[in-house]
Amino acid sequence: MPMNSLYVALAVAAVVIFVIAKTAVVVPQQSAFVVERLGKFSRVIKAGFHILIPFIERIAYRHTLKENAIDIAEQICITKDNVQVGVDGVLYMQVLDPGRASYGIGNYMFAIAQLAQTTLRSEIGKIDLDRTFEERATINSRVVAELDKASEPWGVKVLRYEIKNINPPADVLGAMEKQMRAEREKRAVILTSEGERDAKINQAEGEKQRVIKESEAKKQQQINEAEGEAQAILAVATATAEGLRQVAAALVDEGGAEAMQLRVAERYIDEFGKLAKAANTLVVPANLADLASMIALATNVARKKSAPV
């Protein structure tokens, strides 16, 4: 009898432990469990320890409240200019309402992924191929806006969408590379021609400045030479006038007339001697003795010049 009571007690304890194990629930942090009572939605339990009613309540759905990243597989999209491109991306979303995420749609992750692909195809079809590389941010924001509208009844928030790769066909890539190479060569030719033009302009400007400087220097040189010649002429004239004044003054003094006569006679003889040396044929004055009359004439002229007016 005691043994039977022990077995019963152990059986009861095992049942109690089994029931507690089935009804006691520990919800992890950033998680939410949906509880159903007799197959009907009852409540949502958050992080912590919870006890369910045995055989009446059960955990129907388990959701994580963390931000999830979904890889959107590559798909073929056709641009506005009829070019096929392969586009893939990654989607970030978060469950905000576990109840609606459980009963609003069967598989919200699959539905959002499919909707992201269709929305992306629609947005790529609105723009040309060249603009798809430039307007990634615009495409991403439009996809997020469309997905957020559709996922709101499901209790899911679409946070971000990022395009990872845009892969045009090989022939289109080749054409784009040729176009880019042609653009680079065009820019190089333009820069080279602009450099040559600037060099020629600088050279011409330098030549212009050189000619101007040379003309100014030549002008200054001519001015300086003219001023020098004028000063030289003035100096010679001044010296000549001073000499004549001194000669005139000397003639007035005592013995001046005799000195002048002697000087005229000496010059006459010197010049006549030079004339005889310079020419083979010599014309001699008929009256060489007339030297005295010439000296007298020169003396009278000098006296008249020196006499006061």
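Does ALA101 meet the test of being among the small types (Gly, Ala, Ser), assigned by TED's automatic domain parsing to the domain that holds TYR161 and surrounded by 14 or more Cβ atoms within 10 Å (Cβ to Cβ)?
Judged against the criteria, ALA101 is a match.
Using the structure shown, decide if ILE70 is out of contact with any Asp or Glu (no Cβ under 8 Å at 6 or more places or on another chain), surrounded by 10 or more Cβ atoms within 10 Å (Cβ to Cβ) and within 30 Å of ALA145 (Cα to Cα).
yes
How many of the residues making up region 43-59 are at pLDDT below 90 and surrounded by 16 or more Cβ atoms within 10 Å (Cβ to Cβ)?
Residues meeting the conditions: 4.
Take the residues in region 114-150 that are in a helix (DSSP H, G or I), among the hydrophobic types (A, V, I, L, M, F, W, C) and under 11 Å from LYS80 (Cα atoms), then tell me which one is modelled with the lowest pLDDT. Write out each step before concluding.
First, pick out the residues of region 114-150 that are in a helix (DSSP H, G or I): 114-124, 129-134, 136-150.
Narrowing the set further to residues that are among the hydrophobic types (A, V, I, L, M, F, W, C) leaves 115-116, 120, 124, 129, 133, 137, 139, 143-145, 147, 150.
Subset that is under 11 Å from LYS80 (Cα atoms): 124, 129.
On the way: ILE124: 89, LEU129: 83.
That would be LEU129.
Kindly provide the set of residues from region 128-150 that are in contact with a Ser or Thr (Cβ under 8 Å, 6 or more places away or on another chain) and either of a type in the set (Asp, Glu) or surrounded by fewer than 17 Cβ atoms within 10 Å (Cβ to Cβ) (or both), ordered by number.
If the condition is that a residue be in contact with a Ser or Thr (Cβ under 8 Å, 6 or more places away or on another chain) and either of a type in the set (Asp, Glu) or surrounded by fewer than 17 Cβ atoms within 10 Å (Cβ to Cβ) (or both), then ASP128, GLU146 are the ones that fit.
Here are the criteria: (1) within 30 Å of MET93 (Cβ to Cβ); (2) out of contact with any Lys or Arg (no Cβ under 9 Å at 6 or more places or on another chain); (3) not charged (D, E, K, R). Tell me which single one THR119 does not satisfy.
Here THR119 meets the rest and fails (2).
Residue under question is GLU162, and the condition is that it be under 28 Å from LEU120 (Cβ atoms), without any contact (Cβ under 8 Å) to a residue 12 or more places away in the chain and surrounded by 10 or more Cβ atoms within 10 Å (Cβ to Cβ); does it hold?
No; evaluated as a whole, the condition is false for this residue.
Tally the residues that are in contact with a helix residue (DSSP H, G or I) (Cβ under 8 Å, 6 or more places away or on another chain) and either among the aliphatic types (A, V, I, L, M) or outside any loop (DSSP other than H, G, I, E, B) (or both), restricting the search to region 104-113.
4
Look at SER31 and say whether it is within 56 Å of the chain's Cα centre (by Cα), of a type outside the set (D, E, K, R) and farther than 22 Å from ILE139 by Cβ.
So SER31 passes the test.
The values are calculated or read from the model by the stated rules, or taken from the named source; none is laboratory data. This structure is a prediction, so every number in the text was calculated from the model and none was measured. Backbone-built Cβ (ideal geometry, glycine too); neighbour counts: all protein chains shown.
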